[in-house]
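Structure, as structure tokens:
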Amino acid sequence: MIVALIPARSGSVRIPNKNIRELAGHPLLAYSIASAKESGIFDRIIVSSDSEKYLELALRYGADGHFEKIEGDRYDYKWMDQVLNKNWDNHFKRPEYFAILRPTSPFRSARTIQRCFHNWDRAKYDSIRAVEPVSQHPGKMWVVRSDTMYPLLPMGPISPPWHSSPIQALPPVYVQNASLEMATLEAFNRTRTISGWRIQAFLTEGFEGFDLNNEYDWEIAEKMVEDGKAVLPRAHETH
């Protein structure tokens, strides 16, 4: 059994109420629900939030709701532990696998989810996480201390150093994005981490990993949808 977990806290500062702000006619969290449903991968789709309003919207779009209000550090681990281990009811078996689908990645499609799940070597890896090539290579980055510059990555060659090498000569580096991650419940409980220790890379394509963090990102997303450069999942109310 595999479940989709969609975290949707209220109170965003940079984009107020971003998880329910409308993009192309639907609240943002509706697109994560839609892609999860269309993928056909999940036995259950759960939206977790500290807002009853958010959960009402989640129910309207066909997801189950889980109310939580957690403070302090390790927020992601704590709410997931509640959902996966403490608040599971007798109508469903505890899941063997789970996926985290953050609402801020609206261009993650059903195909994205299917590709990730089917590429995951579950016999070898605790989890699989979405990554993409970095736009600015850390080999060109510096730490400045008392006006003196030090390479951020000191393990590179001395001659020529990475900061003086062409980009194409540097080793590929990837950054995680918020599109999705999948893991086993066994690894989650064994390591008390979301990803476990053995993590497989899942390379997102195109706008699959595009993440809405500020108003500028929102403007870009609206423009991409308007121009047909990016396609949103087909969201619709079910209740």
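Residues whose amide H comes within less than 5 Å of that of Trp142, counting only those at least five positions distant or on another chain, are Leu152 (H built at 1.01 Å from N in the peptide plane). Shown for Asp121, Asp64, Asp43: other C-beta atoms within 10 Å of each C-beta, ranked fewest to most, produce the order Asp121, Asp43, Asp64. Cβ-to-Cβ counts within 10 Å put Glu96, Glu132, Glu22 in ascending order as Glu22, Glu96, Glu132, the fewest first. Counted by Cβ distance under 13 Å from Ala110, the other residues give a net charge of +3, where Lys and Arg count +1 and Asp and Glu count -1. Applying the criteria of a DSSP loop state and at most 14 other Cβ atoms within 10 Å to the trypsin sites (Lys or Arg not before Pro) of region 139-208 yields Arg192, Arg198. Of the residues Phe202, Phe67, the one with the fewest other Cβ atoms within 10 Å heads the list, and the complete ranking is Phe67, Phe202. Between Glu237 and Asn213, residue separation times 0.36 nm minus the direct Cα-Cα distance comes to 6.1 nm.
Among beta bridges from DSSP that stay inside the chain, the antiparallel ones total about 45%. Convex hull of alpha carbon positions in the chain: directionally averaged projected area 15.9 nm².
Dividing the summed -39500 (n - 2.57) terms of all DSSP H runs of n ≥ 4 by the residue count of the chain sets its mean residue ellipticity at 222 nm at -7000 deg cm²/dmol. Other residues within the sphere of radius under 13 Å centred on the Cβ of Arg21, judged by their own Cβ, net out at -2 (K and R +1, D and E -1).
Coordinate-derived values only; no laboratory data. What you see is a predicted model; the values in this text were computed from it and never measured. A quick note on method: Cβ atoms are made from the backbone with ideal geometry, for glycine too, and the neighbour counts reach across all protein chains shown.
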